[in-house]
1. Go through the range 377-390 and count every residue that is at pLDDT 95 or above and assigned to a loop (DSSP other than H, G, I, E, B).
2. Mind checking whether some residue in the range 78-92 is polar (S, T, N, Q) and more than 25 Å from Leu151 (Cα to Cα)?
3. Give the number of residues within the range 137-172 that are of a type in the set (A, V, I, L, M), farther than 17 Å from Met200 by Cβ and touching a Ser or Thr at 6+ places or on another chain (Cβ under 9 Å).
4. Among the residues of the range 182-232, which ones are among the β-branched types (Val, Ile, Thr) and closer than 25 Å to Leu296 by Cα?
5. Which of the residues belonging to the range 276-304 are open to solvent by 90 Å² or more (accessible area, probe 1.4 Å) and either farther than 17 Å from Lys387 by Cα or at pLDDT below 95 (or both)?
6. Restricting to the range 249-275, give me the number of residues that are within 25 Å of the chain's Cα centre (by Cα) and open to solvent by 10 Å² or more (accessible area, probe 1.4 Å).
7. Any chance the range 432-442 includes a residue that's among the aliphatic types (A, V, I, L, M), away from the ligand (no atom under 15 Å from the Cβ) and either at pLDDT below 95 or in contact with a helix residue (DSSP H, G or I) (Cβ under 9 Å, 6 or more places away or on another chain) (or both)?
Amino acid sequence: MIWYRIAAFCALLGVSWCTEDWTFPPGFKFGAATSSFQVEGAWNVSDKSQSIWDKFVHDKPDVIADCSNADVSADSYHLWETDVEKAAELGLNFYRFSISWPRLLPSGFANYTSEDGKRYYNNLIDGLLAKGIEPMVTLFHLDLPQTLQDLGGFTNPLIADWFADYARVAYSLFGDRVKIWLTINEPIMICDLAYNTAIMAPGVLSPDHGTYLCNKYILLAHAKAYRVYENEFKAMYQGEVSIANQLMWYEPEREADADLAELGRQYNTGRYSHPIYSKEGGWPPAIEKLIEENSLKKGFLTSNLPAFTQEEIELIRGTYDFYALNYYMSFTVRTASEGEDVGSYPLYGIPDLNAVFGHREEWTATNLTGFYLNPEGARRQMAWLKKNYDDMKILITENGYPNLGGLDDHDRIAFYQALFKQLILAIKEDGINLTHYTAWALMDNFEWTNGYSVKYGLYQVDFADPLRTRTARASARYYANVIKTLTISAES
Ligand code: BGC
């Protein structure tokens, strides 16, 4: 009776959340992700060449929190069958993994394809499909062949063609079975974090030029790879292609910071999305103007943000079949006070905006990684995308919760529950066309500069054990239940 009254009251108000119907729509897909460098190991087997991350961790072990490397990591190169079993145990609809460019094309160029690389990824794809798990494949997740870095990497305009050639090889080999492709994972890590701090491979510090050259050429690389699929493969294979952006949600610290926070969103999201998803294409106008003004103030003769030609604008515009969103963190934004050090972007502030980051107390679910987790930010970010670009299909291609490990990760489960509520509200209240959710990560792995000190896995990996045994955490059982029931509450 009481239940009936609540439901009637809710119907009257027209709000679905008060019925506490925390259910994902039928057909919603759940997956988990990893990336080649972070899990495969086998860094020098067969004819695989060195990636920029192999070189970086070998040359500069001190930059990694526990001085570790990824030479073996979770050993997925040898243990891929176990990974597939774990994915099946969870009931995943899809598994997102990346192809190691230097494993498939050891020279970095398309002149020669590794038989061993082909065999490895064919086995993985076929193994997943045999269990009814769809492969979602990222072409490039930070592990650039060192041969190409030696030629300037993403600051060399020719990278766009080299990447498109690599993409063509991958589509030809695997496109008959892979229907969801992500060209590049998180350009913001590759361009901004790497060139602004040098704490990520390739370890080159060039905040004035490297960051923005990379920003432009990585977009062109994505666009050319998208066009290769569109022109040569789409009719045959009917797959979909996009780029995975990590978006940090910015909120004003106080009301007076509202315009600054909005500019921050254009700086973070806009620089990697406006050229692709907006109707007019090209850089976000406010950011283009700002970087030009700042460059001239610093004494440069032209803007450090390289201009697009009209042809490039058109090449890039519209190169998406969906929005691939990696969401981890939120920041508050305020103007720096007189003489205050803004710190580098994207972790501390935005020097080009003289903006400093902070966080709200309620976001400090974990500050292990400097990430402030804010489940509501995911919903707000998706509403922002819908308002600023197209009402497009959105796939969350990464999201996760870091902790120090242990099998009873009820902190992670609580985070997932809070996050899933926001996703359901986004779908049901805001009309967001969200179709996929991807948990980072299927298992513990090499977490870049955090090494193995931080854990994200649904499965724990015992890195001291030569067999790299994988053990389900409580969150794995919880996630399996969500996938099975499409509801978020039951913790089994
Ligand atoms: C990256 C992953 C990384 C995760 C957690 C994401 O930004 O795509 O490679 O491991 O964050 O740090």
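1. 1
2. The answer is yes, given that some residue of the range 78-92 is polar (S, T, N, Q) and more than 25 Å from Leu151 (Cα to Cα).
3. Total meeting the criteria: 4.
4. Ile188, Thr197, Val204, Thr211, Ile218
5. Lys289, Lys297, Lys298, Leu301, Thr302
6. So the answer is 9.
7. Among the residues of the range 432-442, at least one is among the aliphatic types (A, V, I, L, M), away from the ligand (no atom under 15 Å from the Cβ) and either at pLDDT below 95 or in contact with a helix residue (DSSP H, G or I) (Cβ under 9 Å, 6 or more places away or on another chain) (or both), which makes the answer yes.
Per-residue answers, yes or no, for (1) small (Gly, Ala, Ser); (2) under 19 Å from the mean Cα position of the chain (by Cα); (3) at negative phi; (4) within 16 Å of the ligand (Cβ to nearest atom):
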position	(1), (2), (3), (4)
Met200	no, yes, yes, yes
Pro207	no, no, yes, no
Lys224	no, no, yes, no
Asn231	no, no, yes, no
Glu240	no, yes, yes, no
Gln246	no, yes, yes, yes
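The values are calculated or read from the model by the stated rules, or taken from the named source; none is laboratory data. The structure displayed is predicted, hence computed values, not measured ones. Cβ: placed from backbone, ideal geometry, glycine included. Neighbour counts: every protein chain shown. Surface accessibility is based on the protein's heavy atoms, side chains included, excluding ligands, DNA and RNA. Shrake-Rupley method; radii C 1.70, N 1.55, O 1.52, S 1.80 Å.
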